[in-house]
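Please read the structure below before turning to the comments.
The values are calculated or read from the model by the stated rules, or taken from the named source; none is laboratory data. Here the structure is a predicted model, which means the values were calculated and not measured. Please note: Cβ atoms are built from the backbone with ideal geometry, for glycine as well, and neighbour counts cover all protein chains shown. When the accessible area is computed, the model is the full protein with side chains, heavy atoms only, and any ligands, DNA or RNA have been set aside. Shrake-Rupley method; radii C 1.70, N 1.55, O 1.52, S 1.80 Å.
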Amino acid sequence: MPYLENKDFTTVMEQVDLWFQKGLPFCIYRKPQEDQIKAVFQTDDRLHPVVDFTESGFVFAPFRLENGAVLLKPDEMYLCGHTSSVRPSIEEISVTEIGRQAHLDLVQKGIQEIAAGRLGKVVLSRKLEKETEKPITEIFGKLLLSYPNAFCYLFFHPKVGTWCGATPETLVQIQNKTVRTMSLAATLPFVQGETPNWGQKELEEQQMVSDYIKERLTPSMETLDVEAAKSVRAGNLWHLRSEIKGVLSQNSSVREIISLLHPTPAVCGIPTQAAKTFILENEDYQRTYYTGFLGELNLNVKAEVSLFVNLRCMELQGNTASIFVGGGITQASDPEREWIETQNKSRTMLNIL
């Protein structure tokens, strides 16, 4: 295992700048509600594929796992502190109406597919673009300050691209055979001083996700417990979340658990394969690494992982930021409300820019 060296935040960010200029791969990240930041630097530009999830490093995986996950080799690893009580104000920014009709039509098509009995739920998304001249280190710094409850990251590989985000969703954490994951669904805007008032559509969507994950994981677990749903805040949004915890059965592997969970119903739908096929045939862009996953793979200890779903993220190409937003569609969905939900979600990344 690589040696984890302590350095100050400024020094690590200077190395991030240097690696980016040299075209060398790296990822710098902070886990939810932690003060410490980790950085993984690879000293050459080779593209290392993940073969069976027994590898050690930082993994970056696409929505379509069959397209291959990428592994950053931890040639150098640093740990640094970063605390601040000052959170940037989240301004009420205007969002464009471009793409509105196309998204309404897409959602309506999804509702029709559900009504026909071919799907229980499908997550439909869109991409919007925004010009920015902010340096990547400044963008990452603002993510850290704005979203302390999220997994915040900045990833670069010359053969993959530059991605960053602040995701509220854990895919899976495995340590000493203990598995932790979550069922996350439903969205409402955060209003100061108000608690979220969930409707039947949101409650049913969240329960559907919990039930599906339980059904998928149970055969591979000795025990499995699904907690009741709670309201959790992620930036300027509320979500419903159930914590799920269990113990791996003797014959289960990390690879097996990942394949059972990814893509989750929160980013794909139910049943998974039918929803995935619908998404690939009907969304008007390729998700690539949006709704994939990323994180530590056997980085500290064998068979220990800490992976997060790549939500609330953007891809940076030159001066253009591509921002990805979506929502869960069920029988009770209303296309106009679903459009508004994606508009609210887009503000997470637009505020950073």
Open item on the list: Going by what's in this entry, would Asp35 be described as over 27 Å from Ser259 (Cα atoms) and modelled with pLDDT under 95?
Closed with: yes
| request: Evaluate the following for Ser242: is it surrounded by fewer than 15 Cβ atoms within 10 Å (Cβ to Cβ) and of a type in the set (S, T, N, Q)? | output: no
Ser89 meets each of (1) within 18 Å of the chain's Cα centre (by Cα); (2) at pLDDT below 95; (3) farther than 29 Å from Val209 by Cβ with one exception, condition (1)
* Just to be sure, is Thr187 surrounded by 20 or more Cβ atoms within 10 Å (Cβ to Cβ), under 17 Å from the mean Cα position of the chain (by Cα) and modelled with pLDDT of 90 or more? -> no
Of (1) closer than 30 Å to Leu24 by Cβ; (2) more than 22 Å from the chain's Cα centre (by Cα); (3) open to solvent by 10 Å² or more (accessible area, probe 1.4 Å), Thr137 satisfies every one except (2)
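For Leu311, state whether it is within 25 Å of Trp198 (Cα to Cα) and touching a Pro at 6+ places or on another chain (Cβ under 9 Å).
Values: within 25 Å of Trp198 (Cα to Cα): yes; touching a Pro at 6+ places or on another chain (Cβ under 9 Å): yes.
It is true that Leu311 is within 25 Å of Trp198 (Cα to Cα) and touching a Pro at 6+ places or on another chain (Cβ under 9 Å).
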Notebook entry, point to check: Among the residues of region 289-306, is any modelled with pLDDT under 95 and in contact with a Pro (Cβ under 7 Å, 6 or more places away or on another chain)?
Noted result: yes
